[in-house]
Amino acid sequence: MDDFGLHTALELDGRKFIVHTGTLMERQLVISEIFEEGLFLTARELYLPLRRENHPINYDFITGITNQFHDQVIEELKVLYRIQQKLEKVFAAKKKQQDAKPYVNLGTLFLRRNLYDEAERAFQRAVTIQRDNIKANVGLGVTYLKMRRFENAIKVLQKILSENQRFPDVLNYLGLAHLFAGNLERAANLFKEAIQINPEYVEAQFNLGVALYKSALQGVKDPRAVAVPARVSIYLKQVRDLEKYRDPEWEKEFSEVLELMKDNDHEVILPLLERLQLKLVDVFVKNEKVAEFFLKFQYGGKALDVKMISRYDLFFMNSGTRERQYPDYWNNRGVFQLIKSHAYFQEAIHAFKNALNLEPGYQEAQETLDKLKAHEKGFIFMIRAMLK
């Protein structure tokens, strides 16, 4: 990354992170990367709206945007750990009516940032609260996959299937766990079942190709005589072409693997395929940013002002036609609007206080302020009750 390089070291819950933020002018991006002890964890990107034709680059503007984004990434990481501390206290209180959902959402956010220990803890809390919570169990199983604790993953994911819940993604994840544990036949059967339920599941098709590739290598005298099955490259290309992987970093990784597969060097190819298989494993809340917002509001430890809330407008207000068919969309949007109204409510109280500071005897401002303050606590209690 060139220009405006920013580095910040921070320690959270005993873990030491480095956040590095810089610009890629040719791609019009600000990129913020998080490292732990030299190991890359995750990255965030922000598009820079630069006008190139006949306009000089405004470096002060870019510097300001870069600094702001750098601070935002750091604050988001800090907030996650604040939320974790709050939820740990709630869990320790052992109230009978605890809800698993905040722990599932927190686990997902940690998992997306490759913070596996924290993700495991959050998902375990959710499973303790609600043993049969499918999202919590899937999240925990995927976390174990990412941690390469394959026997743990098998145990958790098999429990979901044992309850006659035949989800294609769970079958695929369980197949991967068996594949990495060396149970090739069991893995192939699970991938086939996932494909039978969803023939368009190209990640499972790709994983089946890898399972057949490993089976072909098993017990052969001369591995050089075994070619990489065409199925592997065919479905790898189909995975690459999915919209969610149309990203320069993903494209680079797919191209590297496809190129090396031409050499038929199994000792090089297999580790790359395995790394890619685990990287393709992901879990999503229906809208990650919606979950993040509600966690911040309930457990973030800081009041959300209008400016902060407005950053989330896009995720609540600009959904497509498909999302608008679901009652969850309208429910979340309604709660979001109430939270935003409360922030404006607080700004209104502040404005009337300013009026009274300038003119202490201003009766109209005092009467309005008194009426607002009489309902202040009830407003916030109502919103928090809706989120329980």
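Numerical summary
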read-out: Which listed residue, of Leu387, Leu273, is out of contact with any Leu (no Cβ under 6 Å at 6 or more places or on another chain) and modelled with pLDDT of 90 or more; value: Leu273
read-out: Scope segment 203-234; condition closer than 30 Å to Arg27 by Cβ and at pLDDT 95 or above; matching residues; value: Glu203, Phe206
read-out: Residues located in segment 24-80, provided they are modelled with pLDDT of 85 or more and β-branched (Val, Ile, Thr); value: Val30, Ile31, Ile34, Thr42, Ile62, Thr63, Ile65, Thr66, Val73, Ile74, Val79
read-out: Residue list for segment 302-318, filter: under 21 Å from the mean Cα position of the chain (by Cα) and either farther than 26 Å from Val90 by Cβ or loosely packed, with under 15 Cβ neighbours inside 10 Å (or both); value: Ser310, Arg311, Asp313, Leu314, Met317, Asn318
read-out: Unique residue being assigned to a loop (DSSP other than H, G, I, E, B) and either without any contact (Cβ under 8 Å) to a residue 24 or more places away in the chain or closer than 21 Å to Thr42 by Cβ (or both) when the list is Asn114, Asn105; value: Asn114
read-out: Residues being assigned to a helix (DSSP H, G or I) and basic (Lys, Arg) - total across segment 295-312; value: 2
read-out: Out of Met261, Met308, sole residue that is without any contact (Cβ under 8 Å) to a residue 40 or more places away in the chain, of a type in the set (A, V, I, L, M) and more than 26 Å from Asn172 (Cα to Cα); value: Met308
read-out: Any hit, segment 182-191, residues being over 20 Å from Arg275 (Cα atoms) and out of contact with any His (no Cβ under 7 Å at 6 or more places or on another chain); value: yes
read-out: Residue list for segment 219-235, restricted to those being under 21 Å from Glu185 (Cα atoms), touching a residue at least 24 places away in the same chain (Cβ under 8 Å) and either exposed (fewer than 10 other Cβ atoms within 10 Å of the Cβ) or of a type outside the set (S, T, N, Q) (or both); value: Pro223, Val226, Ala227, Val228, Arg231, Val232, Tyr235
read-out: Where Met147 falls short, out of the listed (1) within 28 Å of Glu33 (Cα to Cα); (2) crowded, with 18+ Cβ neighbours inside 10 Å; (3) among the hydrophobic types (A, V, I, L, M, F, W, C); value: (2)
read-out: Selected residue (criterion: surrounded by the most Cβ atoms within 10 Å (Cβ to Cβ)) from residues of segment 281-291 that are among the charged types (D, E, K, R) and under 10 Å from the mean Cα position of the chain (by Cα); value: Glu288
read-out: Whichever residue in segment 46-68 is closer than 18 Å to Gly5 by Cβ and exposed (fewer than 15 other Cβ atoms within 10 Å of the Cβ) and, among such residues, is farthest from the chain's Cα centre (by Cα); value: Ile57
read-out: Matching residues in segment 319-372 - criterion: being hydroxyl-bearing (Ser, Thr, Tyr), within 26 Å of the chain's Cα centre (by Cα) and closer than 24 Å to Lys307 by Cα; value: Ser319, Tyr329
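For (1) assigned to a helix (DSSP H, G or I); (2) surrounded by 14 or more Cβ atoms within 10 Å (Cβ to Cβ); (3) not polar (S, T, N, Q), each residue gets a yes or a no:
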| residue | (1), (2), (3) |
| --- | --- |
| Glu249 | yes, no, yes |
| Ser255 | yes, no, no |
| Ile269 | yes, yes, yes |
| Lys279 | yes, no, yes |
| Phe293 | yes, yes, yes |
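The values are calculated or read from the model by the stated rules, or taken from the named source; none is laboratory data. Model, not experiment: these values are computed from the prediction. So basically every Cβ, Gly included, is an ideal-geometry build from the backbone, and we count neighbours across all protein chains shown.
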